[in-house]
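Colleague: This structure is in structure tokens; I'll ask about it shortly.
The values are calculated or read from the model by the stated rules, or taken from the named source; none is laboratory data. Since we're looking at a predicted model, the values are computed, not measured. All Cβ positions, even for glycine, are placed from backbone atoms using ideal geometry, and neighbour counts span all protein chains on display.
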Protein chains: 2
Amino acid sequence: MPRISERGLHMPESPIRKLVPFAEKAKEKGVEVIHLNIGQPDIKTPELAIKAVKEIDMEVLEYSHSAGNESYRQGLAKYYDRVSPGINFNQILVTTGGSEALAFAFMACFNPGDEVIIPEPFYANYNGFAETSGVKVVPINSSIEEGFALPPIEDFEAAISEKTKGILICNPGNPTGYLYTPEELDKLRQIVEKHDLYLMADEVYREFCYDGRKHTSLLNLKGIEDRVIVVDSVSKRYSMCGVRIGALVCRNETVISTILKLAQARLSPPLLGQIASEAALHTPQSYFDEVSAEYVQRRDLLVDGLNEIDGVFCPKPGGAFYAVAKLPIKDSEKFCKWMLEEFEHEGKTVMMAPASGFYSSPGMGKQEVRLAYVLSQENLKDALSCLKLGIQEYQKTEATLV
Amino acid sequence: MPRISERGLHMPESPIRKLVPFAEKAKEKGVEVIHLNIGQPDIKTPELAIKAVKEIDMEVLEYSHSAGNESYRQGLAKYYDRVSPGINFNQILVTTGGSEALAFAFMACFNPGDEVIIPEPFYANYNGFAETSGVKVVPINSSIEEGFALPPIEDFEAAISEKTKGILICNPGNPTGYLYTPEELDKLRQIVEKHDLYLMADEVYREFCYDGRKHTSLLNLKGIEDRVIVVDSVSKRYSMCGVRIGALVCRNETVISTILKLAQARLSPPLLGQIASEAALHTPQSYFDEVSAEYVQRRDLLVDGLNEIDGVFCPKPGGAFYAVAKLPIKDSEKFCKWMLEEFEHEGKTVMMAPASGFYSSPGMGKQEVRLAYVLSQENLKDALSCLKLGIQEYQKTEATLV
């Protein structure tokens, strides 16, 4: 038999989804699984988006433009003009989720063997897109003790080699929830200018910034407009992950025209999702205010609850809807699996994402898990009870094993 | 500024879409453009598919499974069981269009530098997926004079090197409309077995076989089940190109589990498109019968009409809805552009895809164009009138240039 490709062999399994078979078995046994492993919010999609889909008046569900429907791109231009004045629709490409936007950015900007620096822990699928584009991820450690702040500038300087072509951040961060300050972003601005690099940001959680803090988009960094690529998505903004609509925003015409060729090869982004997304642009501010207030309550409930458990440490995130917690156990992957296979409390258990998959450095994050506070406060309370008891029980098992 | 990647520079522009700006200018001048450049049928999407979308009863448009909704995959298994008995849902992955299925197959099976043999002319975007996965396309010429039949077995043997990892066909063919015979497919079966290769087929036009001919799927080739990967799509089958739903079918468990990792990295295929596609599985046979009958009439009208034009040669295709015609002009790309920029007849012109983009060998297909007979017979008649007059006028211009 011909062999599988090297990248196929090396392609990492998603730490978010790899334990799904164990969750399915738990459900078969009648155990209720509280899914904190995945950023699938229970928040309702804006009604006007669903209504737009239900009211389509079409006889043929046709291809759209490879760059996305122009009416949607014009609408997006107004949205981004509020993020950073002067963005026009030619600087926006509609993609199949934020995932495709990032894959396109890697493909268009990096050669196989090129290096991209990413503060870790980072969204696990960046490893996947690096693998498929042949790019090497050079991680810089941001530590849980520092609340996952931007690592010192010296760490970036030390990591830059002749092969470095870019820096990628996620702001606010998945999995850390960390929101970069304008000062931190200015440091990145200086580094990319000095070393002639691209600067990319995954800003899909832009609307989810808490405690009065404001989000600064890379699109606002002066003097490096041609180096900046912003990856975006409607998935979390409007809680419609399933429609698979994202966007790539860039003021560099060469980057845009190159990515348009990649976009033409896959013909067009999903039509129905674009209809929902275009309608969603008219979502009232009150929706975001309500959703943010709910996430803040969930965050406080979860993070405070975690820190009350003996031996658990979890910094309070300033944005997004994830938290990384350090647990008093040796191997979070084994623990997460055990929680699904062996544990239940009042017919329930909790599913988390082992954090090691969010690191690129081997051995990092082994005691950490990512939790998404995307479910109701009641669910989160049950999850905390499960986790508290689960850790106690598991520690005994672990002690026996040693 | 950091440079664009090599693959970004080399990425071919779509021959189907690169002339779009000239078509847009023609439209601005008030000229009606008859689009035979793109396989966007005017055939109505089955009503039950649109109805399913309009009747969604969901409050959150959630992610689906990375492999696709299980209910849809179970439905697809029944469909494929009719194509090749014994296919089960674990052998089917739902993808974002046939494009993603092919990109996944290349990524999972081929290393950068590996070679894939493809009879040319072939669907232009295969070049794009080869570029992004670093795979080298080794074309074998199938000639318009032979009606684009499978090239002789000796041509394949001659093209096989140590780097060859697979053969890809499109059956029935885009852009040729050629339908491979069971005997031709058996030859391919022998070659891949002898040389330890993968055999991939793009079978998205499976339902469009004319004149009583039957389609043979690669899934039916005995003894090479583990080598076969079939790429599929609902785009043409149900005339719903915009929903971006495809599938990859393979009996090789290692290939499927590798591609599932690639699928997890992009989270899930489009939810709304899957809902339309699952409903479309219940499309009655009468729909396909009517559509096929219509395409046969269109084919006969177009191909016969083309062959009546002085100096034009167009073999009659046995399937799909494309035809490649050789025109009495020197450079079809210039001609197609001229038809949009300079020509009009009674306020109309015709847009075609220059065929050179469907060849991988430089210089091939320069006199050829691809025409998609996806529009009404009235449109096709107008297109033929335009083309006849256009060729006459252009020949004078060309003579002046020389």
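Colleague: Of the conditions (1) part of a helix (DSSP H, G or I); (2) at the interface with another protein chain (Cβ under 8 Å from one of its Cβ atoms); (3) farther than 26 Å from B:I245 by Cα; (4) not hydroxyl-bearing (S, T, Y), B:P21 satisfies every one except a single condition; which number is it?
Modeller: It is condition (2) that B:P21 fails.
Colleague: Of the conditions (1) surrounded by fewer than 21 Cβ atoms within 10 Å (Cβ to Cβ); (2) farther than 22 Å from A:I38 by Cα, A:F104 clears all except one; give me its number.
Modeller: (1)
Colleague: Further question on the same structure: Of the residues A:V374, A:V369, which is touching a Lys or Arg at 6+ places or on another chain (Cβ under 9 Å), part of a loop (DSSP other than H, G, I, E, B) and not assigned by TED's automatic domain parsing to the domain that holds A:Y123? Spell out how you get there, then give the answer.
Modeller: Numbers: A:V369 fails: part of a loop (DSSP other than H, G, I, E, B).
Only one candidate qualifies: A:V374.
Colleague: What number of residues in region B:358-383 are out of contact with any Ser or Thr (no Cβ under 6 Å at 6 or more places or on another chain) and on the phi > 0 side of the Ramachandran plot?
Modeller: 1
Colleague: Can you tell me which residues in region A:353-389 are farther than 15 Å from A:L302 by Cβ, in contact (Cβ under 8 Å) with a residue 24 or more places away in the chain and among the small types (G, A, S)?
Modeller: A:A355, A:S356, A:G357, A:S360, A:S361, A:G365
Colleague: Taking the condition of being surrounded by 18 or more Cβ atoms within 10 Å (Cβ to Cβ), over 23 Å from B:L271 (Cβ atoms) and not hydrophobic (A, V, I, L, M, F, W, C), how many residues in region B:77-96 meet it?
Modeller: Qualifying residue count for the region: 1.
Colleague: Tell me yes or no: at least one residue of region A:304-320 is of a type in the set (A, V, I, L, M, F, W, C), in a helix (DSSP H, G or I), modelled with pLDDT of 95 or more and out of contact with any strand residue (DSSP E or B) (no Cβ under 8 Å at 6 or more places or on another chain). Even if it seems obvious, please write down each step before you answer.
Modeller: Residues of region A:304-320 of a type in the set (A, V, I, L, M, F, W, C): A:306, A:309, A:312-314, A:320.
Narrowing the set further to residues that are in a helix (DSSP H, G or I) leaves A:306.
Those still in the list that are modelled with pLDDT of 95 or more too: A:306.
Right, trim to out of contact with any strand residue (DSSP E or B) (no Cβ under 8 Å at 6 or more places or on another chain) and you get none.
Looking for residues that are of a type in the set (A, V, I, L, M, F, W, C), in a helix (DSSP H, G or I), modelled with pLDDT of 95 or more and out of contact with any strand residue (DSSP E or B) (no Cβ under 8 Å at 6 or more places or on another chain), one finds none in region A:304-320, hence no.
Colleague: Please verify whether B:F89 is of a type in the set (A, V, I, L, M, F, W, C) and in contact (Cβ under 8 Å) with a residue 40 or more places away in the chain, treating the condition exactly as stated. Steps first, answer last, please.
Modeller: Details: of a type in the set (A, V, I, L, M, F, W, C): yes; in contact (Cβ under 8 Å) with a residue 40 or more places away in the chain: no.
Judged against the criteria, B:F89 is not a match.
Colleague: Report, by residue number, each residue of region A:170-224 that is among the β-branched types (V, I, T) and farther than 13 Å from A:G319 by Cβ. First the steps, then the outcome.
Modeller: Within region A:170-224, the subset among the β-branched types (V, I, T) is A:176, A:181, A:191-192, A:204, A:216, A:224.
Selection gives A:I191, A:V192, A:I224.
Colleague: I need the full set of residues from region B:313-358 which are surrounded by fewer than 21 Cβ atoms within 10 Å (Cβ to Cβ) and under 17 Å from B:E145 (Cα atoms), in order please.
Modeller: Passing the criteria: B:F313, B:K316, B:K326, B:P328.
Colleague: Any chance region A:183-197 includes a residue that's under 13 Å from the mean Cα position of the chain (by Cα), within 23 Å of A:A108 (Cβ to Cβ) and β-branched (V, I, T)? Don't jump to the end; show me each part of the working.
Modeller: Restricting attention to region A:183-197, the residues satisfying the condition of being under 13 Å from the mean Cα position of the chain (by Cα) are none.
So far as region A:183-197 goes, no, none of its residues is under 13 Å from the mean Cα position of the chain (by Cα), within 23 Å of A:A108 (Cβ to Cβ) and β-branched (V, I, T).
Colleague: Follow-up. Which members of region B:259-303 meet the condition of being of a type outside the set (A, V, I, L, M, F, W, C), crowded, with 20+ Cβ neighbours inside 10 Å and part of a loop (DSSP other than H, G, I, E, B)?
Modeller: Selection gives B:R266, B:S268, B:P269, B:P270.
Colleague: Residues being more than 7 Å from every other protein chain (Cβ to nearest Cβ) and part of a loop (DSSP other than H, G, I, E, B): count how many of those fall in region A:1-11. Give the steps one after another, and end with the answer.
Modeller: Step one: of region A:1-11, the residues more than 7 Å from every other protein chain (Cβ to nearest Cβ) are A:3, A:9-10.
With part of a loop (DSSP other than H, G, I, E, B) added as a condition, the list becomes A:3.
Of the residues in that region, 1 qualify.
Colleague: Restricting to region B:24-45, what's the tally of residues that are more than 10 Å from chain A (Cβ to nearest Cβ) and outside any helix (DSSP H, G or I)?
Modeller: Initial filter on region B:24-45 (more than 10 Å from chain A (Cβ to nearest Cβ)): B:24-37.
Now restrict to residues that are outside any helix (DSSP H, G or I): B:29-37.
Matching residues across region B:24-45 total 9.
Colleague: Take the residues in region B:46-60 that are more than 8 Å from every other protein chain (Cβ to nearest Cβ) and surrounded by 16 or more Cβ atoms within 10 Å (Cβ to Cβ); name whichever of them is farthest from A:K51 (Cα to Cα).
Modeller: Filtering region B:46-60 for residues more than 8 Å from every other protein chain (Cβ to nearest Cβ) gives B:46-48, B:51-52, B:57.
Add one more test, that the residue is surrounded by 16 or more Cβ atoms within 10 Å (Cβ to Cβ), and what stays is B:46, B:48, B:52.
Values: B:P46: 21, B:L48: 19, B:A52: 14 Å.
My answer is B:P46.
To keep it simple, each residue is scored yes or no on (1) basic (K, R); (2) within 14 Å of chain B (Cβ to nearest Cβ); (3) crowded, with 23+ Cβ neighbours inside 10 Å; (4) over 27 Å from A:A325 (Cβ atoms).
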{"residue": "A:E115", "(1), (2), (3), (4)": "no, yes, no, yes"}
{"residue": "A:A124", "(1), (2), (3), (4)": "no, yes, yes, no"}
{"residue": "A:A149", "(1), (2), (3), (4)": "no, no, no, no"}
{"residue": "A:E154", "(1), (2), (3), (4)": "no, no, no, yes"}
{"residue": "A:E157", "(1), (2), (3), (4)": "no, no, no, yes"}
{"residue": "A:N171", "(1), (2), (3), (4)": "no, no, yes, no"}
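Colleague: So is A:D81 without any contact (Cβ under 8 Å) to a residue 40 or more places away in the chain and away from every other protein chain (no Cβ under 14 Å) or not? Break it down stepwise before answering.
Modeller: Working: without any contact (Cβ under 8 Å) to a residue 40 or more places away in the chain: yes; away from every other protein chain (no Cβ under 14 Å): yes.
For A:D81, the condition - without any contact (Cβ under 8 Å) to a residue 40 or more places away in the chain and away from every other protein chain (no Cβ under 14 Å) - is met.
Conditions (1) at pLDDT below 95; (2) buried (at least 24 other Cβ atoms within 10 Å of the Cβ); (3) aliphatic (A, V, I, L, M), marked per residue:
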{"residue": "B:P121", "(1), (2), (3)": "no, yes, no"}
{"residue": "B:R189", "(1), (2), (3)": "no, no, no"}
{"residue": "B:C209", "(1), (2), (3)": "no, no, no"}
{"residue": "B:L219", "(1), (2), (3)": "no, no, yes"}
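Colleague: Identify all residues within region B:236-254 that are buried (at least 23 other Cβ atoms within 10 Å of the Cβ) and more than 7 Å from chain A (Cβ to nearest Cβ); write none if there are none. Spell out how you get there, then give the answer.
Modeller: Residues of region B:236-254 that are buried (at least 23 other Cβ atoms within 10 Å of the Cβ), as a first pass: B:236, B:238-250.
Scanning region B:236-254 gives B:K236, B:Y238, B:I245, B:G246, B:A247, B:L248, B:V249, B:C250.
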